[in-house]
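These notes concern the structure reproduced below.
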Amino acid sequence: MNIVVAIASTGRPEELGDWSEYLKSQSYKPSTVIYSVASPCDLPQITRLYAPNKIIVGSAGSSVQRNRVLDVLELSCDLIVFFDDDYVPERRCLEKIVDLFTLLPNVAGASGLLLRDGAQSAGISKEDALNLIEISENNSPVLEQMHVDSVGLYGCNMAFRRTAIGGIRFDENLPLYGWQEDVDFAMRVRRNGRIVNTDSFKGVHRGVKKSKTSGYKFGYSQIANPLYLIKKGTMPISHGLKLIAKNLLANHIRLLRPESWIDRRGRVRGNWLAAWDLVRFKLSPRKILNL
């Protein structure tokens with residue numbers, strides 16, 4: 001299979017440059033890597049870019065940057081894999097993705113198993129991530145693989161059949177960091193095949209904190225984005241409301257003793273602004289562009 005790797009990145013040239021190392025160590029090489037960035041300053045030195053590659057430069061935002069990738073995909077592409085710049089794949093990751101889509105022709109999209117997710121902590125260093133990968137590769141038992149149908153996929157590692165995507169694009173009404181744009185996109189692709197979470201391929205999401213949306217804007221998105229997707233019909237009501245309730249509770253409970261890596265005060269302010277806009281019928285995910 002012809003597999004293309006796509007990485008949308010802003011403000012992380014160091015992490016983006018690490019991908020040349022990761023991809024050179026893959027047992028199954030991609031036909032090309034597409035780097036989608038907001039500025040030439042987002043790119044590492046040319047010697048740290050994987051070849052062959054394509055570079056696309058345009059406005060920032062996870063949705064719009066990924067859409068530029070989809071717009072330049074060639075018909076020879078069988079699989080497109082979106083990785084975050086701070087994701088670290090196991091060395092057989094692409095090989096196992098190809099195996100999965102070959103074995104299960106009814107699967108349209110998949111996310112793999114995270115050995116650890118730094119988004120839930122202060123983050124994970126590159127060295128620690130590579131150690132986790134090595135431990136997993138040396139100790140993983142041979143078990144029957146799990147493929148569980150899912151509500152959406154996790155944007156840090158998403159693989160799709162190009163033919164299942166067709167003309168579907170990421171929703172650019174979810175700007176900047178996007179948040180839940182991966183769920184929305186996968187749910188629309190699901191019309192053309194199964195969307196699964198699997199342990200067939202693995203990796204570590206480092207959860208690098210630099211170049212993230214402000215707490216104020218993110219707090220607004222925590223309310224606005226799920227409600228927008230519920231109305232759109234791409235997020236189940238129960239899933240969206242649980243997501244909102246979980247984040248509201250976490251932000252308020254931890255406000256007095258916030259984590260050093262999370263702007264809880266900013267998130268709470270954003271939550272309340274979104275609630276105020278909701279009762280005034282002015283709630284919109286795009287408002288964060290003006291906050």
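Every read-out reported here was derived from the displayed coordinates using simple, explicitly stated rules and does not represent laboratory data. Given the structure is predicted, the values throughout are model-derived calculations rather than measurements. In this analysis, Cβ positions are derived from the backbone assuming ideal geometry, glycine residues included, and neighbour counts consider all displayed protein chains.
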Subject >> DSSP beta bridges in the chain [antiparallel fraction, %, rounded to 5] >> reply: 35 percent
**OP:** Would you mind checking which residues have amide H under 5 Å from Glu172's amide H? H placed 1.01 Å from N; only 5 or more apart, or other chain.
**Re:** none
**OP:** Using θ = phi - 60° and the Karplus relation 6.51 cos²θ - 1.76 cosθ + 1.60, list the HN-Hα couplings for segment 182-192 in order, rounded to whole Hz, with x at every Gly or Pro.
**Re:** 5, 5, 4, 5, 5, 5, 6, 5, 4, 4, 10
Subject >> For Asn2, residues with placed amide H under 5 Å, excluding near neighbours >> reply: Asp78, Leu79
Original post:
Tell me which aspartates and glutamates have Cα within less than 14 Å of Lys287's Cα, excluding those fewer than 8 residues away on the same chain?
Top reply: Glu172, Asp277
**OP:** For Asp199 and Lys242, calculate 0.36 nm times their separation in residues minus their Cα-Cα distance, and state this gained length in nm to one decimal.
**Re:** 13.0 nm
Subject >> Charge context of Gly240, other residues only, Cβ under 12 angstrom, K/R +1, D/E -1 >> reply: +3
Subject >> Between 0 and 90°, nearest 10: helix 126-139 axis offset from the chain longest Cα axis >> reply: 60 degrees
Original post:
By per-residue mean of other Cβ atoms within 10 Å, what is the highest-first order of 149-158, 81-90?
Top reply: 81-90, 149-158
**OP:** Highest first, please rank the peptides 197-205, 118-126 by the mean number of other Cβ atoms sitting within 10 Å of their residues.
**Re:** 197-205, 118-126
Subject >> Test item: Cα-centred dipole of the chain, Lys/Arg +1 and Asp/Glu -1 on Cβ, debye >> reply: 1260 debye
Subject >> Cα centroid separation - segment 20-46 against segment 225-275, whole Å >> reply: 33 Å
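With Cβ to Cβ distances under 11 Å as the rule, what net charge do the other residues near Leu256 carry (K, R +1; D, E -1)?
Neighbourhood net charge equals +4.
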Original post:
So, in nm, how far is label Gln120 from label Lys54 when the simple model puts each one 7 Å beyond its Cα toward the Cβ?
Top reply: 3.6 nm
Subject >> segment 230-242 - phi-based ³J(HN,Hα) in whole Hz, Karplus 6.51/-1.76/1.60, Gly and Pro as x >> reply: 4, 4, 6, x, 9, 9, x, 4, 4, 5, x, 5, 5
Subject >> Around Arg267: net Lys/Arg minus Asp/Glu count, Cβ-Cβ under 10 Å >> reply: +4
Subject >> Rounded FRET efficiency, nearest 0.05, which uses the C-beta distance separating Glu127 from Asn2 and R0 of 30 Å >> reply: 0.35
Original post:
Which residues' amide hydrogens lie under 5 Å from the amide hydrogen of Phe201, considering only partners 5 or more residues apart or on another chain, with H built in the peptide plane?
Top reply: Leu113
**OP:** Compute the label zone of Glu21 within segment 106-139: residues whose backbone N is under 15 Å from the point 7 Å along Cα-to-Cβ.
**Re:** 124-134
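Filter the cross-link list Lys126/Lys232; Lys54/Lys209; Lys24/Lys212; Lys126/Lys231 down to pairs whose alpha-carbon distance in this structure exceeds 31 Å.
Table pairs above 31 Å Cα-Cα are Lys126/Lys232; Lys126/Lys231.
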Subject >> J(HN,Hα) series, segment 267-284, from Karplus relation 6.51 cos²θ - 1.76 cosθ + 1.60, nearest Hz, glycine and proline x >> reply: 5, 4, 4, x, 4, 6, 5, 5, 4, 5, 5, 4, 6, 9, 6, 10, 6, 8
